[in-house]
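Everything on this sheet refers to the single structure shown next.
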Amino acid sequence: MTPNLDHYISRHIRAYYKHKLVAPLIYLALLLIIAFFYPIGSMVLPPRMEKDCDLAKQYKSNENYIHIDLGHLYFTGYTKRWLDSTVGYYYYTTVGDDCVVVLLSPESCQQGLPEIENISIRGKILYRSNAVNKLYDNLAKDLSWSASGIASTISPYMISQPDAEDFSTTLFLTVYFATGFYAFCSVIIYLLYSIWPQISSPCQRLHHYGKPSQILAQAEEELATLPQLATEDMFITEHYFIETSKYGVAIVPISEMIWIYKYSTLHKFLWHHFSISYTLHITANKRQYIHCPKNIKSDIDGIIDYLSEANHDMLVGFSEENRLKVEEIQGDLKPLKKFWAFLSKKV
């Protein structure tokens, strides 16, 4: 066996998925940093607080979101509006020894009840918010008092129910945990693929043509003993086409290929043309599609010439005629034709 090609495919699969591990690990680290500076835990499971709690202490501990039982709330007569809708009603009550402003959602206060005896809400603690400052100004005018005098009698901390249950908070938590779960699953999957290459996606796609582990072993044996053609990241053995590039890994039985062609891409910036790269496109039976991007023309032409000689039934070159033939071979329109025939009979 050629030493540098011994188990070459498995080694490349391991290296490929170890490289892919970097992005989800960095993202998970970023989520942990966000959780350190932002009260994610209290947003999801807010601590249960009593009405004699210390809001200042809770706020300074970065636990802004709470679940609290309140009693004897009185409507101030003021509401919070956004565009043409009312998003909250301002009440005041006592929390501990402080008079605290509480912003309730319309559903919780039945569109502004004058007095609420008891209520249990999920809220966010805000400190000297602009909304409360405006409320102080309005109350001062109504009571012929100064805003500073009102502020001295009311706690600078307020509890806002809409801020804890609004769309932006729900969206943030959904995105945070959904993307975090996806990144975590990606880490687990990539780790498994790097440990056992035979269960990786490139190998499992081979189940259409036989047992993936046996095909992988045969492809590696042929590649290590006598490769028929080799470029920088593409190889042809007696029975297989193999790609091992930074874009992925592919193993395709030559006998299963039905169409092959190249596609050129012009790379430019503004008016300056840098280079032209070529992408090899391979269509195989069972709707398997392989793309080998950013190769040079001589490599692609050599691969196409060799594969077309190895499989005389394979269509070569892109054309509308070849596309329609492949569509017919793959049976891509068969479900649509059956559905159309069914509708025609009904009509």
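Other residues within the sphere of radius under 14 Å centred on the Cβ of Cys292, judged by their own Cβ, net out at -1 (K and R +1, D and E -1). When the alpha carbon gyration tensor of region 143-212 is reduced to an equivalent ellipsoid, the three semi-axes, largest first, read 60, 12, 6 Å. Against the main long axis of the alpha-carbon atoms of the chain, helix 320-330 sits at an angle near 80°.
Using only alpha-carbon positions in the chain, the gyration tensor eigenvalues give semi-axes of 67, 25, 20 Å once each is multiplied by 5 and square-rooted (largest first). Taking the chain as a Gaussian network of alpha-carbon nodes connected by springs under 10 Å, the highest mean-square fluctuation of the residues Gly77, Gly88, Gly248 belongs to Gly77.
Between Glu321 and Lys211, how high is the FRET efficiency from 1/(1 + (r/R0)^6) when r is the Cβ-Cβ distance and R₀ = 41 Å? Nearest 0.05. Could the numbers behind the result be given before it?
Working: r = 36 Å, r/R0 = 0.87.
Approximately 0.70, to the nearest 0.05.
Our Cα-only numbers for region 92-189 put the radius of gyration and Dmax at 18.6, 67 Å.
Multiplying the residue separation of Ser255 and Phe184 by 0.36 nm and removing their Cα-Cα distance gives an extension gain of 21.7 nm. The convex hull built on the alpha-carbon positions of region 41-109 has an orientation-averaged projected area of 5.4 nm². Solvent-accessible surface of region 1-131, averaged per residue with a 1.4 angstrom probe and all protein chains in place: 59 square angstrom.
The angle between the Cα long axis of helix 212-225 and the main principal axis of the chain comes to about 50°, on a 0 to 90 degree scale. When the chain is described by a simple charge dipole with +1 on each Lys and Arg Cβ and -1 on each Asp and Glu Cβ, the residue from Ser42, Ile242, Ile296 located farthest towards its positive end is Ile296.
Our estimate of slack between Thr94 and Leu270, defined as 0.36 nm per intervening residue step minus the Cα-Cα distance, is 56.8 nm. Compute the acute angle (0 to 90°) between the alpha-carbon long axis of helix 22-37 and the principal axis of greatest extent of the alpha-carbon atoms of the chain; round to the nearest 10°. The helix 22-37 is inclined about 0 degrees to the chain. Stretching Glu232 away from Ser146 to a fully extended chain increases their span by 23.0 nm, per 0.36 nm per residue minus the current alpha-carbon distance. Taking trypsin sites (Lys or Arg not before Pro) in DSSP loop states with no more than 14 other Cβ atoms inside 10 Å as exposed sites, the chain has its longest site-free stretch at 1-127.
Using the Cβ-Cβ distance between Leu173 and Arg11 with R0 = 45 Å, the FRET efficiency computed as 1/(1 + (r/R0)^6) comes to roughly 0.65.
Largest first and in whole Å, the equivalent-ellipsoid semi-axes of region 6-88 read 49, 18, 10, each the square root of five times a Cα gyration tensor eigenvalue.
Taking every C-alpha pair closer than 8 Å and separated by at least 6 residues, the mean separation divided by the residue count of the chain gives a relative contact order of 14 percent.
The simple spin-label model puts a point 7 Å past each Cα toward its Cβ; for Lys134 and Ile329 those points are separated by 6.8 nm. Magnitude of the charge dipole for the chain, about its Cα centre and with charges confined to Cβ atoms of Lys, Arg (+1) and Asp, Glu (-1), is about 400 debye.
The values are calculated or read from the model by the stated rules, or taken from the named source; none is laboratory data. Predicted, not measured: the structure shown is a model, and the values here were computed from it. In this analysis, Cβ positions are derived from the backbone assuming ideal geometry, glycine residues included, and neighbour counts consider all displayed protein chains. Each accessible area value is taken on the protein alone, full model and side chains, heavy atoms only, with ligands, DNA and RNA left out. Shrake-Rupley method; radii C 1.70, N 1.55, O 1.52, S 1.80 Å.
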